[in-house]
Amino acid sequence: MYLGKADVNTYEKGAGREYLVSNGCGSYCFSTVAGSNTRREHGLLVVRPRDCAQHRVLVSKVEETLFTRGKKYQLSTNRYKDVIFPDGFRYIQEFHSNPLPSILFVVHSLLMRKTVFMPEGRDACIVKYELLASPDRIQLEARPLFAHRLYTDVRPKSTEDSFHADYAANGILVNGRGMSSFLSYSKGEWHSKAFWHDHLLYEKDEITAPSTEDLWSPGALSIEMAEGETAYLVFSAEPFHPSVEQIEVFEKEAIANQQSRFGKLEPAGQSSAVRDLTRTALHLFASGKDRGTTLFSGYPSLCERARDTFIALPGLTLSLGRYRDAEEILNRWLELARLNDSVMPSEIDPSTGHALVKAADAGLWFFYALEKLTERTGSLEFVEKNWEILVEMISRYGTEIRVLDLHCEDDLLVLEKPEPERHWMEGAVNGSPVVIRSGKLVEFNALWYNALRAMERFADGLGLPEESEKYGKQADRTREAFIQAFWNPEGGFLFDSVDGERKDDVIRPNQILAVSLPSSPLPPEIGRSVVEVCWNELVTTYGLRTLDPRHDKYKGRFEGRLDQKEKARYRGMAWPWLLGQFVTAYMRFNPKRSDIAWCFIRPFTAHLRQGCLGGIAEVFDGSMPYLPHGDVLSAASMGEILRVMEEDLLLQQR
């Protein structure tokens with residue numbers, strides 16, 4: 001991806017575009033093209049400790065200043081409450097994301113390129129400065145700013161911080177706030193002058209209102225450079241002194257690793273949008289000997305959520321030929337289910353690393369992802385090896401799961417309490433659900449029917465006719481009960497929930513799953529009607545709205561107080577992953593109209609040049625101007641768009 005001067009010639013443009021680098025193990029570098037950090041999760045070196053699930057921001061950024069011909073040019077950019085200073089973004093001529101993120105600064109006839117990369121598997125970030133052209137020798141001053149905090153916290157300076165630096169040849173060891181980091185450099189002279197950099201503003205901080213932070217610097221590195229020369233800064237979580245030759249090897253490996261991670265995309269999938277999506281999606285994966293392969297739900301949240309993982313898995317692994325990663329991810333979550341009495345956990349606690357059981361549909365989404373894997377590989381080896389636990393998991397749903405307030409009644413699943421954590425519309429304000437849902441939920445039972453059909457096919461493939469017949473008959477009963485309970489003939493759509501005599505006839509997007517999942521309980525005439533209603537009432541440019549815009553509780557924009565923003569997420573904002581399911585449902589009844597289906601997907605190709613470059617955000621406003629919010633890089637959003645392009649659209653062109 002290339003950005004020119006017109007893409008970054010204002011602070012808003014440059015700071016509104018973010019780039020991401022990772023080491024393949026969960027540590028990352030994340031900032032904006034302008035060079036200013038706009039989120040608390042931004043940082044030049046953010047590491048994922050082995051002994052702690054929460055990431056730590058060690059190095060926030062580097063302040064760079066050029067001295068040439070008696071003049072000073074500050075290349076850095078920072079945002080404060082009332083001012084932007086310095087405004088180095090105005091010297092940016094272009095940005096390249098391939099093969100590595102690089103920024104070209106132009107000051108008259110002086111051209112300097114800055115490149116950032118991370119060695120694979122190392123908690124280190126390398127900054128490369130190349131003086132491409134200059135009529136005279138110049139001096140580059142690089143002043144690092146250290147944070148040393150958890151990535152979810154921002155901390156003002158305090159007398160208890162006890163920051164200090166120890167100096168060695170070509171290296172600075174920084175300690176403070178119970179953490180340490182290291183700076184190594186290839187050339188230059190270090191000048192000790194410690195001070196605090198106060199009140200940097202993170203205007204895109206969505207955890208709270210925009211927040212400010214104080215950062216500590218132990219001094220600055222002064223580097224004399226002539227045209228054609230290169231200098232390196234190496235930031236790491238522990239002392240690390242690579243030679244220039246080693247750094248050059250790391251750089252080549254970083255480029256090669258990025259290319260090798262692409263998997264085996266078919267030629268038809270090699271569009272620029274697919275390449276940008278897959279390149280950025282790589283950062284969602286993390287591997288480790290003690291953790292296996294992890295798929296983060298998104299940046300900057302960096303959560304591990306079962307539902308997001310299973311929704312995203314077909315697009316982020318299977319569509320890219322990464323079958324081994326898919327099996328490792330599914331096996332990891334299945335082992336957690338074994339440890340939780342055959343109940344699938346919903347997420348991993350970021351502070352303790354323990355599995356939490358909250359979402360009642362997580363296990364049902366597991367069967368969806370598993371069926372996608374078996375279809376793609378044509379193998380039931382994974383199923384056969386884990387048959388007993390799969391039988392137990394489906395059996396738990398068929399009776400009751402007390403820990404999830406869930407039981408099966410008349411062949412349909414019933415959520416006994418309006419607990420928002422049980423379903424994906426999990427928002428709550430002051431302890432009250434944003435969306436009150438209980439009883440028989442439409443998406444739960446669509447997933448339940450799909451899981452039963454998957455087990456029917458699994459049993460048949462394993463040569464277990466009695467079990468196959470059992471699951472088939474149970475699915476038949478569920479299908480009949482589903483239509484009877486949820487079909488709203490007057491409205492031509494499905495009730496969102498049915499709780500006794502109460503039938504929720506508010507138009508929400510959950511019903512689309514009853515059409516889009518591999519096994520649909522609906523006859524064609526009802527399925528077509530559901531698709532038409534969702535298209536007319538819920539489809540927007542970047543997703544399906546979470547509520548009919550004519551409803552009196554509709555709130556389509558992420559604005560106002562924090563509680564109003566939380567309400568908007570599930571009362572009108574649009575989710576891209578639901579659009580993926582909608583396109584699949586549309587193509588089921590219009591297999592020859594891929595031209596129309598592409599109209600739903602193409603807007604994302606423009607979005608890839610905004611926000612996190614090459615990524616798709618978690619959620620968008622449901623009303624104009626359709627601004628993105630939440631995670632700027634969402635696994636579910638990206639996975640669904642990639643899956644649709646590969647399964648439903650690109651295949652149509654082959």
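Shown for THR32, THR546, THR10, THR584: other C-beta atoms within 10 Å of each C-beta, ranked fewest to most, produce the order THR10, THR584, THR32, THR546. FRET efficiency for the pair TYR2 and ARG155, taken as 1/(1 + (r/R0)^6) with r the Cβ-Cβ distance and R0 = 41 Å, rounds to 0.65.
For segment 59-100, list residues with backbone N below 19 Å from a point placed 7 Å from the Cα of GLN139 toward its Cβ? Zone members listed by number: 63-76.
Compared with the alpha-carbon gap, the fully stretched path from VAL249 to LEU464 is longer by 72.0 nm at 0.36 nm per residue. With each label modelled as a point 7 angstrom along the Cα→C-beta vector, the HIS164-ALA428 pair spans 4.6 nm. Which entry in (i) 1.03; (ii) 1.00; (iii) 1.16 matches Rg/Rh (Cα atoms, Kirkwood Rh) derived from the coordinates of this structure? Correct label, based on the coordinates given: (ii).
With a 10 Å radius around each residue's Cβ, average the other Cβ atoms per peptide and rank 336-344, 1-9, highest first. Each step should come with its number before you reach the end.
Values: 336-344: 18.1, 1-9: 15.2.
Sorting 336-344, 1-9 by mean packing, highest first, produces 336-344, 1-9.
Using the Cα gyration tensor of segment 56-203, with a ≥ b ≥ c the square roots of its eigenvalues, what is the shape: rounded (a/c below 1.5), prolate (a/b larger than b/c) or oblate (neither)? Note, shape of segment 56-203 comes out prolate. Close amide-amide hydrogen proximity is noted between VAL357 and SER346, each under 5 Å apart and 5 or more residues distant or on a separate chain (H modeled in the peptide plane; Pro and chain starts excluded). Close amide H partners of THR540, meaning residues 5 or more places away or on another chain with modelled amide H under 5 Å apart, are ARG545.
In this label model, GLU384 and TRP190 are separated by 6.0 nm, measuring between points 7 Å along each Cα→Cβ vector. Each peptide in 495-508, 527-540 gets a packing score, the mean of other Cβ atoms within 10 Å over its residues, and the list from highest to lowest is 527-540, 495-508.
Take the Cα of SER211, go 7 Å toward its beta carbon, and the backbone nitrogen atoms of segment 134-176 under 13 Å from that spot belong to 148-157. If the segment from ASP198 to LYS473 were pulled out straight at 0.36 nm per residue, it would be longer than the present Cα-Cα gap by 92.3 nm. Report, in whole Å, the centroid distance computed from the Cα atoms of segment 320-373 and segment 509-569. That distance is 26 Å. Oblate is the label for segment 486-614, because the ratio a/c of its alpha-carbon gyration tensor axes (a ≥ b ≥ c) is 1.5 or higher and a/b is not greater than b/c. Here the 3J(HN,Hα) profile of segment 370-377, calculated from phi with Karplus coefficients 6.51, -1.76 and 1.60 at θ = phi - 60°, is 5, 5, 4, 5, 5, 5, 6, 8 Hz, Gly and Pro shown as x.
Between SER272 and ASP341, the simple spin-label model (points 7 angstrom out along Cα→Cβ) gives 5.5 nm. To the nearest Å, what is the center-to-center distance of segment 396-473 and segment 157-213, using C-alpha atoms only? Computed from Cα coordinates, the inter-centre distance equals 49 Å.
In the chain, helices alone account for a calculated mean residue ellipticity at 222 nm of -9500 deg cm²/dmol, with every DSSP H run of four or more residues adding -39,500 (n - 2.57).
Kindly state, to the nearest 0.05, the FRET efficiency for ASN536 paired with GLU559, given R0 = 25 Å and r defined as their beta-carbon distance. Display every interim value, and only then the final one.
Values: r = 26 Å, r/R0 = 1.03.
Once rounded, the FRET efficiency stands at 0.45.
Taking 0.36 nm per residue of sequence separation and removing the Cα-Cα distance, the HIS407/ARG376 pair yields an extension gain of 7.9 nm.
Classify segment 2-259 as rounded, prolate or oblate from the Cα gyration tensor: take a ≥ b ≥ c as the square roots of its eigenvalues, call it rounded if a/c is under 1.5, otherwise prolate when a/b beats b/c and oblate if not.
Cα axes put segment 2-259 in the rounded bin.
Rule-based calculations on the coordinates, nothing more; no lab input. All of these numbers come straight from a predicted model, not from anything done at the bench. Glycine also receives a Cβ, built like all others from the backbone with ideal geometry; neighbour counts cover every protein chain displayed.
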